[in-house]
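Colleague: Mind looking over this structure? Questions follow.
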Amino acid sequence: MKPIELHVEKLTATLGAEIQGADFTAPMGPDLEKAIREALLEHQVLFFRDQDLSPEQHKTVGRCFGELHVHPVLPSRKDEGHPEIVVLESSPKAPFVAEVWHSDVTFERKPPRGSVLRGVIIPDQGGDTVFASMTAAYEALSDSMQRFLSSLEAEHDGGVFRQLADDAQRAELAKDQTTTHPAIRTHPETSRKGIYVNSAFTKRFVGMKQSESDALLRFLYAHLSSIEFTCRFRWRTNSMAIWDNRCTQHRVVSDDVRAHRRVERVTIVGDEPF
Ligand SMILES: [Fe+2]
């Protein structure tokens, strides 16, 4: 078999790479799996074009990285036998946008390792996704701030999903969806450290007054979204993004919330942050 030759074009000096030469509609060999896993560790988020995948093929890409996660609340294609495929759809009647910086599902004890997101219905303009490198944001801090933050833990809560949940889901959320994670997380594969608080789910630092915690979080949220730590992806139908949820955050650009946009996400189970 011919060795895999991927063409990798970095989006910025910090993170993100667009990859050509991978076709996920064909069976994936071990060479391609290995190349994609290594590229993701290096670039933190990968982008692909023209991947017209079936639900099974989409799940197969996710499974290169591990077992698939089922979201506690978000709508999915479960009626077609694919509860692992989360559907994020925004339409003129029901705008839905994740417009705050976050990494996914950090309110669980073992937050997801990463996700594979595919563009299904993409408007002519608007709704780009911006990603930020939490390792770059951490490395840009002073030694003193790095040391201080490394001594802290923060509470995360999934309460934002309570409005979307039905009664049974709400009972589950109340029970399980609060957890504590280190404020600085060490990546289990690269050993790089990164900031691990986010404005969607982090409530406060443990052992601090709320006013102290709020001030420090405000500083960190402004810092981690500095444009130098980001890259921005313009979607097309059948574009696909794979990100490492352990060392990045993302948000959508809500410049046209009334456009019809549908993306589908497969998420990979992760481990406990340390
Ligand atoms: Fe997200």
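The values are calculated or read from the model by the stated rules, or taken from the named source; none is laboratory data. For clarity, every value in this text was computed on a predicted model and none was experimentally measured. Ideal geometry is used to build each Cβ from the backbone, glycine not excepted, and the neighbour counts take in all protein chains shown.
Colleague: In this structure, is residue 135 surrounded by fewer than 17 Cβ atoms within 10 Å (Cβ to Cβ) and either at pLDDT 95 or above or more than 16 Å from the ligand (Cβ to nearest atom) (or both)? Full working, then the answer.
Modeller: On the way: surrounded by fewer than 17 Cβ atoms within 10 Å (Cβ to Cβ): no; either at pLDDT 95 or above or more than 16 Å from the ligand (Cβ to nearest atom) (or both): yes.
So residue 135 does not fit the description; no.
Colleague: So which pairs qualify, if the first residue must be in region 185-196 and among the polar types (S, T, N, Q) and in a loop (DSSP other than H, G, I, E, B), the second must be surrounded by fewer than 18 Cβ atoms within 10 Å (Cβ to Cβ) and at pLDDT 95 or above, the Cβ gap must be under 9 Å, and the two must be at least 6 apart or on different chains?
Modeller: 190/41; 190/42
Colleague: Step by step: first the residues of region 100-110, then only those that are away from the ligand (no atom under 11 Å from the Cβ) and buried (at least 17 other Cβ atoms within 10 Å of the Cβ), then the one that is farthest from residue 69 (Cα to Cα). Which residue is that? Please lay out each step first, then the result.
Modeller: Just the residues of region 100-110 that are away from the ligand (no atom under 11 Å from the Cβ), to begin with: 107-110.
Add one more test, that the residue is buried (at least 17 other Cβ atoms within 10 Å of the Cβ), and what stays is 107-108.
Values: 107: 14, 108: 11 Å.
In this case the residue turns out to be 107.
Colleague: Hey, could you check region 68-81 for residues that are loosely packed, with under 14 Cβ neighbours inside 10 Å and among the charged types (D, E, K, R) and say which is nearest to the ligand (Cβ to nearest atom)?
Modeller: 78
Colleague: Let me ask something additional. As an exercise: evaluate residue 73 against (1) in contact with a strand residue (DSSP E or B) (Cβ under 8 Å, 6 or more places away or on another chain); (2) among the β-branched types (Val, Ile, Thr); (3) at pLDDT below 95 and give the number of the one condition it does not meet.
Modeller: If we test residue 73 against (1) in contact with a strand residue (DSSP E or B) (Cβ under 8 Å, 6 or more places away or on another chain); (2) among the β-branched types (Val, Ile, Thr); (3) at pLDDT below 95, just (1) comes out false.
Colleague: Moving to a separate point now. With the structure loaded, tell me whether residue 86 is in contact with a Ser or Thr (Cβ under 6 Å, 6 or more places away or on another chain) and assigned to a strand (DSSP E or B) or whether it fails that test.
Modeller: So residue 86 fits the description; yes.
Colleague: Looking at region 82-98, which of the residues that are within 24 Å of residue 270 (Cβ to Cβ) and either away from the ligand (no atom under 14 Å from the Cβ) or acidic (Asp, Glu) (or both) is surrounded by the most Cβ atoms within 10 Å (Cβ to Cβ)?
Modeller: Out of the qualifying residues, it is 85.
Colleague: Related question: I want to confirm something. Restricting to region 237-249 and keeping residues that are buried (at least 17 other Cβ atoms within 10 Å of the Cβ) and over 19 Å from residue 190 (Cβ atoms), which single residue is nearest to the chain's Cα centre (by Cα)? Before the answer, list the steps.
Modeller: Within region 237-249, the first condition is being buried (at least 17 other Cβ atoms within 10 Å of the Cβ), and the residues that meet it are 239-249.
Imposing the further condition that a residue be over 19 Å from residue 190 (Cβ atoms) reduces the set to 239-241.
Values: 239: 16, 240: 13, 241: 10 Å.
The selected residue is 241.
Colleague: From the list 60, 25, exactly one residue is part of a helix (DSSP H, G or I), at negative phi and not small (Gly, Ala, Ser). Which is it? Quick ask: steps written out before the conclusion?
Modeller: Working: 25 fails: part of a helix (DSSP H, G or I).
Sole residue among the options that is part of a helix (DSSP H, G or I), at negative phi and not small (Gly, Ala, Ser): 60.
Colleague: Hey, can you tell me all the residues within region 256-270 that are in a strand (DSSP E or B), of a type in the set (A, V, I, L, M) and either under 18 Å from residue 123 (Cα atoms) or away from the ligand (no atom under 13 Å from the Cβ) (or both)?
Modeller: Restricting attention to region 256-270, the residues satisfying the condition of being in a strand (DSSP E or B) are 261-268.
Imposing the further condition that a residue be of a type in the set (A, V, I, L, M) reduces the set to 263, 266, 268.
Scanning region 256-270 gives 263, 268.
Colleague: Ok, one more. Sort through 97, 86 and tell me the only one that's touching a Leu at 6+ places or on another chain (Cβ under 8 Å) and touching a residue at least 24 places away in the same chain (Cβ under 8 Å).
Modeller: Values: 97 fails: touching a Leu at 6+ places or on another chain (Cβ under 8 Å).
Being touching a Leu at 6+ places or on another chain (Cβ under 8 Å) and touching a residue at least 24 places away in the same chain (Cβ under 8 Å) holds for just one of 97, 86, which is 86.
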